[in-house]
Structures are given as C-alpha cells and as structure tokens.
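Below is one structure, written out as structure tokens, with a few remarks after it.
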Amino acid sequence: MDRSIAAFDYAIRVAELVRYLRELPEHFPLSAELLAAGVRAGMAARDIDSLGLDSEAVRVRESITAIDEVTYYLDMAVHSGYLTELEGSGIRQMGVDLRTALAASLTPDRLEYSTAPIHRRSKS
C-alpha cells in the first residue's frame with residue numbers, strides 16, 4: 001500500500017462525505033471539523049515515504065491523530081442520526097486500514113499509538 005496515495009484517497013472520501021452532509025437539510029454541525037481532520041490526515045501523510053525516520057514518525061503520529069478525529073466525528077454523525085452506520089462504514093474502514101499501514105512503519109520504541117481501531121460505543 002502506498003501510504004501517501006491511500007491518505008490522499010482517504011482525504012478525498014472524507015471531503016465527498018462532507019459535501020453529502022452539507023447537502024442534507026439538517027446540516028451536520030461538525031462538518032467543517034470533519035473536513036479539516038480528513039484533510040489533515042491526508043496532508044500529514046503526503047510524501048511520507050521520502051522523509052527521514054524522525055520526520056516520518058512525527059507525520060505518522062499527526063496523520064493517525066487526524067484519522068482518530070475523523071472516526072470520532074463519524075461516530076457523532078451516526079449516533080445523532082445524520083448518517084447511517086452503512087454510510088459511515090466505508091470511510092471508517094479506510095481509516096482503520098490507513099492507520100494500520102501508517103503505524104506499521106513505526107518501530108516499537110517509537111510507537112505511541114496502538115494499531116487497533118478505536119472501540120466505539122454501541123448505540124443504545
């Protein structure tokens with residue numbers, strides 16, 4: 001997996017979802033934050049394979065943090081009724097896959113983030 005391309009694709013998918021959310025009559029109130037986090041995930045991983053190890057580790061952490069933010073906003077959109085579970089599942093899985101690919105490049109002594117996906121609360 002080319003991490004830079006995967007991150008760019010992820011950012012585009014998030015942007016497309018935000019466009020969809022903005023077209024809804026209800027207007028998801030955190031769509032700007034969702035877009036910012038998605039773009040940040042893609043930007044942080046841009047050209048990541050050409051960086052030195054220390055720079056790469058910093059950018060990987062930034063991208064993983066942004067992916068976690070996107071997941072949080074997706075969960076909020078689903079639990080508040082702006083999206084269905086199915087509508088958010090594709091981007092959520094892309095985030096899990098990208099997060100895993102990014103974290104795999106970190107050595108254990110520099111790994112500050114788990115590669116496991118975030119556990120979501122079940123909808124009650």
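With a sphere of radius 10 Å drawn around the Cβ of ALA101, what net charge do the other residues whose Cβ falls strictly inside it have (Lys, Arg +1; Asp, Glu -1)?
Numbers: positive: ARG3, ARG99; negative: ASP2, ASP97.
Local charge sum for ALA101: 0.
Under the classification rounded if a/c is under 1.5, otherwise prolate if a/b is larger than b/c and oblate if not, where does segment 3-103 fall, given a ≥ b ≥ c as square roots of the Cα gyration tensor eigenvalues?
prolate
A short reminder: the numbers here are calculations on the coordinates, not readings from a lab. Just so we're clear, the structure is a prediction, and the values are computed from it rather than from any experiment. Note that we place each Cβ from the backbone using ideal geometry, even for glycine, and neighbour counts take in every protein chain shown.
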